[in-house]
Every structure is written in C-alpha cells, then in structure tokens.
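Heads up, the thing below is written out as structure tokens.
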Amino acid sequence: MQLNSKVPSGPIQGKWEKHRFDMKLVNPANKRRYKVIIVGTGLAGASAGASLAQMGYEVDCFCFQDSARRAHSIAAQGGINAAKNYQNDGDSVYRLFYDTVKGGDFRAREANVYRLAEISASIIDQCVALGVPFAREYSGYLANRSFGGTQVSRTFYARGQTGQQLLLGAYSALSREVALGRAKVNTRSEMVDLVVQGGRARGIIVRDLVTGELTAHSADAVVLATGGYSNVFYLSTNAKGCNATAIWRAHRKGALFANPCFTQIHPTCIPVAGEHQSKLTLMSESLRNDGRIWVPKKKGDTRPAAQIPEAERDYYLERKYPAFGNLVPRDVASRNAKEVCDGGRGVGPGGLGVYLDFAEAIGRLGENVIRERYGNLFEMYDRITAEDPYRQPMRIYPAIHYAMGGLWVDYNLMSNLEGLHVVGEANFSDHGANRLGASALMQGLADGYFVLPYTIGDTLARVSPADRLKPDHPAFTEALDEAKERGRRLLGINGKRTVDSFHRELGKLLWDNCGMARSKESLTEALARIPQIREEFWANVKVPGGASELNQSLEQAGRVADFMELAELLCRDALTREESCGGHFRVEHQTEEGEAQRDDANFSHAAAWEFTGADTAPILHKEPLEFEYVHPAQRSYK
Amino acid sequence: MKLTLRIWRQDGPRDKGKFVAYPVDDVAEDMSFLEMLDVLNERLTLKGERPVAFDSDCREGICGACGFMVSGVAHGPQKLTTACQLFMRHFKDGETVVVEPFRARALPVLKDLIIDRSALDAIVQAGGFISARTGSAPEANAMLIAKPVADRSMDAAACIGCGACIAACPNASAMLFTAAKVSHLGLLPQGQPERRQRALRMVAKMNELGFGGCSNHGECEAACPKGISIDFIARLNRDYLSGSLFEKPEPLSSV
Ligand SMILES: Cc1cc2nc3c(=O)[nH]c(=O)nc-3n(C[C@H](O)[C@H](O)[C@H](O)COP(=O)(O)OP(=O)(O)OC[C@H]3O[C@@H](n4cnc5c(N)ncnc54)[C@H](O)[C@@H]3O)c2cc1C
Ligand code: FES
C-alpha cells in the first residue's frame, strides 16, 4: 500500500491557498443531494456538522450521550491557541507553526501544522461571532494568557470552562441547522461498525442505546469525530464514556491506525485516592503559570508541606530548566515528576504526588488575583480532596490525558479509505509525538469549521449521490448481522468477572508497562499478557441484561473488547519505535541528562498500521516526514 | 461507613417502578456518590442482578450528564455541586439515602435514574443561538465588550443543562434553563439582532413541551449546581415582554 499524503507542492505559506483553488467544488444546487454522516458532536463534529449543513449538505450526526452538548470537549478547561499576536509579543503564524512542530518533537506533517496555524485566527473570530464569552480586559479587548510550553501569550479562554463555551457555540450553531431541517442529531446512538464496500466507506451501523435496536445508515461520506482513546488506560482524565470503538471498527475495516503509541501524559492531575477511583481529574495546566512545583530534598520526608523550610525544598523544574522553569512542556514535566517520586521523594498517600504551591504567588499578587484566575479550579480541588489550596500546596501527579495517535489521514483529512474522513482528536494529524497545551481545541475547530468543509467537497465531487447504497444492500445487512452476533456473544458468556474488572486490569498493565516510561522488556511483557486478558474476557466476562433494552453493561463490554485489541497495537507500536520522542519515552533511548533521544535517521516517519486479524500481526506502513522549514533539533528547554 | 440506599428501580418508560433498599457496608469518605454506585453495581452484577442505570460522563461537574434526587434534593445536599462531585464524606454512618430520578412531565424516566432530556435540546433549537454562518465573522477585536458585560454573560453561559432546576421547581418549569441561554446571548452585542425573537421562540417552545410556568419559588436557583442566578429570569421576562410588544414571532429563516 502506498501512502499518499496529498500535500500540495510549493512554498508552505501558499499550500493551503493553492489547494483550496485546486480542489473540486460541488455545484451549490447539487449539495443538498449529498448526504454526510458525522459520528461525534464534540468540537470537531459539531463545528463540521453546522458548517456542512449551512453549505447545503444533508447532515446526519450521531453521539452516544443524551445531548450533543455533552461531548467530552465540554470538559476542556484551559484555553485555545491562536496566532493573533494581540499581546504584541512577537507571535505569528510562523511562530505557532514552529512551536507546534517543535513541541511535537518533529513527528508531525509540516504542511498540516502550518495550515492549522494559518487558520487559528479565524477560529477565534468565528467563536466570538457565535457568542462565546471569552475573557476580556477592562478595555473590552480579548484577554490572553500563556499556556504550558510557549513563551508568548496566545491562549484565549473563558474562565476555566473554555471547552464548554466553545462547544456550546458549535452546538448552538448545529442546533440552528437542526431547526432548519438541514441537520439531524441522533443522540444516545452508538456507531458499532463502519460499512465498507468497493474500497469506499458507505455508511455505519448504529445501536440505539435506549431500545437496543441496530440500524443501518448509508451516506456519500462518513466523518468520524469520535475523540481520543486515552481510556484504554482505564484511569485517565477523559470522560467515562470516551472510547475507541468507532475508530477501531474502522481500523478493522481497513483504515490505517497511525502512531498509536503517541499518548500524552498530563503533569497536573489530582493523584489517585483509592481502589474505587473511576477517573482522574485534571487540574488545568494554566496553574503552572503561578504555581511552583517542588518536593522535599530528603527522601521519605513526611512532614506537612508548611513545616518543610525553603532550604529543604527542591523546586526541581526551576533548577533543571532555568529558561522555562515550571512551564516546560507536558512530557518533560511528567517525566520529572515520575523521576522524583521513583526516587522516594514523592508526597501524599503512596508517595505518588508532587506539590504545586501557590504561596509565593498569593504573597506577590494577593489571594484575590489568584481567586480570579483559578477560583473554580481551587474549588474543584478542595471538593475532591478536602484540602484548601489557598492554605496548603496542591498535590498533583501525571495521568493519561490525550491521544496524539489516531486514524491516519491525508492533507484532506481523509483516511486511506475513500469517503472516510477523520477529524479532531480521532485522527493522528497535527501534534506529532506531543501536543502543546490549548492546541487540541484549536485543531478540533480548525478541522470542523475551516478544513473539512472544503476538503470533503473534493471527495463528494468525485461520486454521485445516485451511487449511494441502499441500507438494505448486502454490505449493510451483513454488517448488521455481525453486530447482532457480537452482542449475542457478549451476553451469552455469562462468566464470573465484570466488564470493569477487565478494563481495570488492562489499564493497569498499560500504565505500568506502556505509560510514562517504556522499555523493550516491559512492552514484551505487556504483549504477552494482553492476549491472555483478552482471551479470558471472551471466556469469563459477565454482561447482565439483554440486547433489546437500555443496557450500559453491554455498551461497556463492546467498548472494552475493542480497547483490548487497541492496547496490543499500542504496545506493538511502542516496541517498534526504537527511539524516544515526545510522549513516547523508551528508557533505552535517552541522553546523558535523561532527556528523550530521537532517532531521526530511522524513525522520522508516521507509523501507520494495517489490520490483518485479531490474532495476526498487523502490517506497518511508513509515511516519511520531511522537515523543510523547522530543522529537527534536540528539544531543549534549559 | 455503612449506608442504606433506597434506589428507584424502573425497567423502562412504561414500567411503574418502585424503591428497592440496598445496604452498602464499606463506603469510603473519598468516594464520589457515583463511585459508590459503581461499587454497588459491580456487586449487583456479580450476584446476577441488574445494575442501577444512571447517566454520567465527565464526572467533573461540567457535562451535565449526571443528576438525580438525593434524599429529596437535586444533586444532593452539597450546594453548587453535581452528583458526580458529591463526595461521601458529607454523609453520616448509618444514614438512609433515597435516590430517585429527576421528575418532570417533560423529562420522562427511561430507566432507573435515567431521564429523557431531549426537551432541553428542543428549546435551544427553537432559538438558543446566534445565526453566524461559518466564515462570515468579523475580526474578533473589532467589537469591544466591557469586561463586566462579558463576565455577566459568562455567569449565565455556565449552565450545564442538567435539569436540576426543573426537578426542583414545584411547577417543573424550565425558566431558569431558558433564561440562562437567553441572557448569555442577549447580554452580548452579537446577540442583539435576534434578541427578542430568541425570547419569543424559546418560551413558546418551552410551553409547547409541557414545562410549567414560573411562579417565583426560587427553588431552581437553590438547586443549580452552577449557581445560575434567578435574576436572569427577570431578564428573560423583559426580553419576552418587549418581544411581545414590538415584534411578532417569526419563523426561522435560513438566510
Ligand atoms: C480534562 C481535559 C481538559 C482539556 N483541556 C484542554 C484545553 O484546555 N485546551 C485544549 O486545546 N485541549 C484540551 N483538552 C483536549 C480536548 O478537550 C480534546 O482533545 C478535544 O475536545 C476533543 O474533541 P473532539 O471533537 O475530537 O472529540 P470529543 O469532544 O471527545 O467528542 C467525541 C464525540 O464522539 C462521540 N462518539 C464517540 N464514539 C462514538 C460512537 N462509537 N458512536 C457515536 N458517537 C460516538 C461522542 O458522543 C462525542 O460526541 C482537554 C482534555 C481533557 C480530558
Ligand atoms: S458527570 Fe458530567 S456533570 Fe456529572
């Protein structure tokens, strides 16, 4: 298989402009004859749905929550980047592009990243027009803050609820299209399979989560906007429902899965409290602007923070990285936290935590300013831990947060399957091996508002709505039967363990063996264990209830079954990538100072995996990455 | 600690439903209410019983998916807190806790604690938006918005659409939910052109869907996990009144 990224020729500054001109257009009068399915109503899906419906396409959206507004994007706290240079601090499209490529540790496609930076400014304009109440200065102008890993202030925010406000903007735009009859939103509807026929995506199979009914949906193009797969680790900062089923089912039907091992660990989460823990809570990275991270200098120092004198504290990030200090990128901050905890200097229960201390900032700025900036985050922390961060430092620890990997897409955001587009976190495109803070919201909305609406036209213009398959075509009826059979099988096992117990076991194995630090040994062990867990799952899981009813255990069982397969690919990818880069840290590959060591000679590529069967090895395809503009260098934040 | 949970069990929309008591003997203080239900569900599953169905997703108090009545109070006894952020340290050993779904004619029960809130989406579809076609937006800083105005708009925009205000209201009115959206958009300069129509359309939809009227009980504000102020209802009433006086309800147009 030849991977064609379809990156336009010419200087990077003109590629998108040229491409927009070169792409085919669908005649305005014909647009309403084309039907597009969009799975997912997060930032990427809702913005795409609203935009495509406005253009005149017939749009059919699906989400598993009870409302489009509840997609996981709602939980994003910190902000969204854009190269507006409102702060006059030297920001530019080129700098945002440069920062993103460098932050991604040179494992992203330059042309895509440049386009993202180019579009970023229009996103803010669009969101403001839709009524997103971004933070303002007293002058009435938009406010910015700086966000982990950059030295310019380019992040726009709405208190600590930026994702909520951006999503409500896109959701309201989509709601308007629903009212006009141009879009439909099917809630409590889960895509359980992709239908492919003649090498083209033809539609999807959907389970109605209230009645259990399985139905076939046919369209001229299918868009997956189904978010990331961090929940393969069980404990992550993602919402409980986030899952990989849509992209994994598409992968099984032929879509290549790229860079699955590029997962991001967020340095500032509330540490695990106990066995019952169902998810982890992120404390926005913006806290690192004013909080100082430290641990005691002495091992096993159990004194309360207040009793540890200044001289006996190690502000290790400030010490090791004087230029960036507490604002080093996420992977660097996370790894250093693990290192000090592994060295016995961690704080709190189990020694799995480091302090994030606001005492100095409160002294300098006053409690009011800190409350204004982070009030809601402090409250959330207090509510969960019953500790008051105005009086004592927060305890934080890294947790899985974001998936840079995802389905492989070309410059048009189309997978290798004709007619299957993938947007938002579900694709692998723009963040390389590490995503910078506030860039996921930017990418989701760039994809949905300003990229897909153009590129999908190029796909649709090549097909005729008359060739759309009828939902009773054998390709659909076979897929329906398969989905029915899978449900029957899961319900019929009637074993002795719950779905959750398998998910926890899988997640713990992944976190221990394929988390912040990975080695040949740990990965080989995981690759031996996962098939055993999977086998036991299919022999011993207990799924109560029936297929024709609201059955949350059955929903979860299907998702966990897919996670089991994805976990294996994740570890295989991590084992194959014999280098460290971004969020992927192989202990065998580090510099003398313990920093990630890339191997550009052998691994400057996207690893795109082809599915060959649940029990057979996948095939690796490589898309070489060329860096014409940003010269790969060892990242340094010293 | 030991608790007795009296939980509403209802197989489906047409089932009558009833309370069933479940003793839970090992509730930890740092569990969230939902984590406690998770633990109960694991046990029920292993015993071959049907687990309790309830909605949740973010578990951070922002998506609005969770929510039920805890001993008669929407989202439970902690002020400004969703059920997913309610921690068990606020309960006492030996307590009996009654758990039942939000009840309102317009939000029917689907199963156990899960309700159908699609009526809230329908209210937003009726007018809870600013019509700004993708690509048509002017430069963001071309329009200045005074900080207090933006902040006030954000106060209203913080609504998570959980439905607690409706469950708490003796009339099962959706006024606070609707008022929050009308105020969020109506406070902003971008929201002015459609301001009156928005109020007319959303209120009409609300009435059509079977939500009750507002008689100023104020229970909604007390139950709101996001502290949305009842003052916004006064704003909605003003917009609705001026809409009724000066404009006729017009159908939504695509251009
Ligand atoms: C706690 C937290 C804070 C964050 N903060 C920030 C931040 O400050 N800045 C930033 O840039 N990024 C942030 N991120 C990352 C960012 O929020 C996400 O990457 C982004 O919102 C993903 O958007 P999306 O549209 O791709 O997917 P999502 O918002 O995850 O939406 C997925 C959609 O797909 C649907 N779906 C999934 N599977 C199926 C299926 N099988 N069938 C039907 N529907 C399905 C869901 O119902 C949902 O509608 C944060 C992430 C987390 C976890
Ligand atoms: S689960 Fe999202 S608000 Fe409670």
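The values are calculated or read from the model by the stated rules, or taken from the named source; none is laboratory data. This one's a predicted model, so the numbers in the text were calculated from it and none came from an experiment. Glycine gets a Cβ as well: all are built from the backbone with ideal geometry, and neighbour counts include every protein chain shown. The accessibility values were calculated without ligands, DNA or RNA, using every heavy atom of the protein model including side chains. Shrake-Rupley method; radii C 1.70, N 1.55, O 1.52, S 1.80 Å.
If I filter the stretch B:195-208 for residues that are open to solvent by 20 Å² or more (accessible area, probe 1.4 Å) and part of a loop (DSSP other than H, G, I, E, B), do I get at least one hit?
Within the stretch B:195-208, not a single residue is open to solvent by 20 Å² or more (accessible area, probe 1.4 Å) and part of a loop (DSSP other than H, G, I, E, B).
Can you tell me which residue in the stretch A:177-196 is farthest from the other protein chains (Cβ to nearest Cβ), limited to those that are more than 9 Å from ligand 1 (Cβ to nearest atom), open to solvent by less than 20 Å² (accessible area, probe 1.4 Å) and part of a strand (DSSP E or B)?
Step by step, filter the stretch A:177-196, then rank; the result is A:V195.
Can you tell me which residue within the stretch B:30-43, out of those that are away from ligand 2 (no atom under 15 Å from the Cβ) and in contact with a strand residue (DSSP E or B) (Cβ under 8 Å, 6 or more places away or on another chain), is farthest from the other protein chains (Cβ to nearest Cβ)?
Among residues in the stretch B:30-43 that are away from ligand 2 (no atom under 15 Å from the Cβ) and in contact with a strand residue (DSSP E or B) (Cβ under 8 Å, 6 or more places away or on another chain), the one farthest from the other protein chains (Cβ to nearest Cβ) is B:L40.
Within the stretch B:30-45, track down each residue that is part of a loop (DSSP other than H, G, I, E, B) and open to solvent by less than 20 Å² (accessible area, probe 1.4 Å).
Correct list: B:M31 only.
Name the residues in the stretch B:53-79 that are within 15 Å of ligand 2 (Cβ to nearest atom), of a type outside the set (S, T, N, Q) and either more than 8 Å from every other protein chain (Cβ to nearest Cβ) or without any contact (Cβ under 8 Å) to a residue 24 or more places away in the chain (or both), would you?
Start the filter on the stretch B:53-79 by keeping residues that are within 15 Å of ligand 2 (Cβ to nearest atom), which leaves B:53-70, B:74-76, B:78.
Narrowing further to those that are of a type outside the set (S, T, N, Q): B:53-55, B:57-70, B:74-76.
If the condition is that a residue be within 15 Å of ligand 2 (Cβ to nearest atom), of a type outside the set (S, T, N, Q) and either more than 8 Å from every other protein chain (Cβ to nearest Cβ) or without any contact (Cβ under 8 Å) to a residue 24 or more places away in the chain (or both), then B:F54, B:D57, B:C66, B:G67, B:F68, B:M69, B:V70, B:A74, B:H75, B:G76 are the ones that fit.
Could you please find all residues in the stretch A:620-638 being in contact with a Phe, Trp or Tyr (Cβ under 7 Å, 6 or more places away or on another chain) and either free of Cβ contacts under 8 Å to residues at least 24 places away in the same chain or assigned to a strand (DSSP E or B) (or both)? Full working, then the answer.
Of all residues in the stretch A:620-638, those in contact with a Phe, Trp or Tyr (Cβ under 7 Å, 6 or more places away or on another chain) come to A:620, A:627, A:630, A:632, A:637-638.
Within the stretch A:620-638, just A:L620 meets the criteria.
Which residues, taken from the stretch B:63-76, are open to solvent by 20 Å² or more (accessible area, probe 1.4 Å) and either within 17 Å of B:A21 (Cβ to Cβ) or part of a loop (DSSP other than H, G, I, E, B) (or both)?
Correct list: B:M69, B:S71, B:G72.
Within the stretch A:25-70, restricting attention to residues that are more than 16 Å from ligand 2 (Cβ to nearest atom) and acidic (D, E), which residue is nearest to the other protein chains (Cβ to nearest Cβ)?
Only one residue fits best here, namely A:E58.
One residue is enough: does the stretch B:20-28 have a residue meeting the conditions over 14 Å from the mean Cα position of the chain (by Cα), among the charged types (D, E, K, R) and either facing chain A (nearest Cβ under 9 Å) or assigned to a helix (DSSP H, G or I) (or both)?
There is no residue in the stretch B:20-28 that is over 14 Å from the mean Cα position of the chain (by Cα), among the charged types (D, E, K, R) and either facing chain A (nearest Cβ under 9 Å) or assigned to a helix (DSSP H, G or I) (or both).
Looking only at the stretch A:121-156, count how many residues are surrounded by fewer than 24 Cβ atoms within 10 Å (Cβ to Cβ) and more than 9 Å from every other protein chain (Cβ to nearest Cβ).
Of the residues in the stretch A:121-156, 6 are surrounded by fewer than 24 Cβ atoms within 10 Å (Cβ to Cβ) and more than 9 Å from every other protein chain (Cβ to nearest Cβ).
Hey, does the stretch A:134-153 have a residue that's of a type in the set (D, E), over 23 Å from the mean Cα position of the chain (by Cα) and assigned to a helix (DSSP H, G or I)?
Within the stretch A:134-153, none of the residues are of a type in the set (D, E), over 23 Å from the mean Cα position of the chain (by Cα) and assigned to a helix (DSSP H, G or I).
Go through (1) open to solvent by 10 Å² or more (accessible area, probe 1.4 Å); (2) more than 19 Å from A:R107 (Cβ to Cβ); (3) within 14 Å of chain B (Cβ to nearest Cβ); (4) in a strand (DSSP E or B) for A:A399 and report which single condition fails.
With respect to (1) open to solvent by 10 Å² or more (accessible area, probe 1.4 Å); (2) more than 19 Å from A:R107 (Cβ to Cβ); (3) within 14 Å of chain B (Cβ to nearest Cβ); (4) in a strand (DSSP E or B), A:A399 is out only on (1).
Looking at (1) under 19 Å from A:H276 (Cβ atoms); (2) at the interface with chain A (Cβ under 10 Å from one of its Cβ atoms), which one does B:R117 not meet, given that it meets all the others?
Here B:R117 meets the rest and fails (1).
Just need a number here: residues in the stretch B:86-100 that are surrounded by 13 or more Cβ atoms within 10 Å (Cβ to Cβ), of a type outside the set (F, W, Y) and more than 13 Å from chain A (Cβ to nearest Cβ).
5
Would you pick out the residues in the stretch B:57-100 that are within 16 Å of ligand 1 (Cβ to nearest atom) and either in the same structural domain as B:C224 (by TED's automatic domain parsing) or on the phi < 0 side of the Ramachandran plot (or both)?
Once the filter is applied, which keeps residues that are within 16 Å of ligand 1 (Cβ to nearest atom) and either in the same structural domain as B:C224 (by TED's automatic domain parsing) or on the phi < 0 side of the Ramachandran plot (or both), the stretch B:57-100 yields B:D57, B:C58, B:E60, B:I62, B:C63, B:A65, B:C66, B:T82, B:C84, B:Q85.
So in the stretch A:311-339, with the set limited to residues that are of a type in the set (A, V, I, L, M, F, W, C) and open to solvent by 10 Å² or more (accessible area, probe 1.4 Å), which one is farthest from A:C269 (Cα to Cα)? It would help to see each step written out before you state the result.
Of all residues in the stretch A:311-339, those of a type in the set (A, V, I, L, M, F, W, C) come to A:311, A:317, A:323-324, A:327-328, A:332-333, A:337.
Narrowing further to those that are open to solvent by 10 Å² or more (accessible area, probe 1.4 Å): A:311, A:323-324, A:327.
On the way: A:A311: 26, A:A323: 24, A:F324: 20, A:L327: 15 Å.
Ranking the qualifying residues of the stretch A:311-339, first place goes to A:A311.
Considering only the stretch B:100-156, how many residues are over 30 Å from B:L34 (Cα atoms) and either assigned to a helix (DSSP H, G or I) or of a type outside the set (A, V, I, L, M, F, W, C) (or both)?
Going through the stretch B:100-156 one residue at a time, the tally reaches 21.
Being surrounded by 22 or more Cβ atoms within 10 Å (Cβ to Cβ) and more than 24 Å from A:A71 (Cβ to Cβ), is that true of even one residue in the stretch A:255-266? Steps first, please.
Within the stretch A:255-266, the first condition is being surrounded by 22 or more Cβ atoms within 10 Å (Cβ to Cβ), and the residues that meet it are A:255-266.
From what's left, more than 24 Å from A:A71 (Cβ to Cβ): A:256, A:261.
There is at least one residue in the stretch A:255-266 that is surrounded by 22 or more Cβ atoms within 10 Å (Cβ to Cβ) and more than 24 Å from A:A71 (Cβ to Cβ).
If you go through the stretch B:126-162, how many residues are under 16 Å from the mean Cα position of the chain (by Cα) and either at pLDDT below 95 or facing chain A (nearest Cβ under 7 Å) (or both)?
Qualifying residue count, the stretch B:126-162: 4.
Does B:L107 count as away from ligand 1 (no atom under 16 Å from the Cβ) and open to solvent by less than 10 Å² (accessible area, probe 1.4 Å)?
For B:L107, the condition - away from ligand 1 (no atom under 16 Å from the Cβ) and open to solvent by less than 10 Å² (accessible area, probe 1.4 Å) - is met.
Checking A:F257 against (1) in contact (Cβ under 8 Å) with a residue 24 or more places away in the chain; (2) more than 17 Å from A:G346 (Cβ to Cβ); (3) of a type outside the set (S, T, Y); (4) within 14 Å of chain B (Cβ to nearest Cβ), which single condition isn't satisfied?
Looking at each condition in turn, A:F257 falls short on (4).
Open to solvent by less than 10 Å² (accessible area, probe 1.4 Å), hydroxyl-bearing (S, T, Y) and out of contact with any strand residue (DSSP E or B) (no Cβ under 6 Å at 6 or more places or on another chain): is that true of A:Y411 in this structure?
For A:Y411, the condition - open to solvent by less than 10 Å² (accessible area, probe 1.4 Å), hydroxyl-bearing (S, T, Y) and out of contact with any strand residue (DSSP E or B) (no Cβ under 6 Å at 6 or more places or on another chain) - is met.
Out of the residues in the stretch A:68-91 that are among the aliphatic types (A, V, I, L, M) and more than 9 Å from ligand 1 (Cβ to nearest atom), which is surrounded by the most Cβ atoms within 10 Å (Cβ to Cβ)? Give the derivation first.
Going through the stretch A:68-91, the residues among the aliphatic types (A, V, I, L, M) turn out to be A:68, A:71, A:74-76, A:80, A:82-83.
Checking which are more than 9 Å from ligand 1 (Cβ to nearest atom) leaves us with A:82-83.
Details: A:A82: 30, A:A83: 23.
Selected residue: A:A82.
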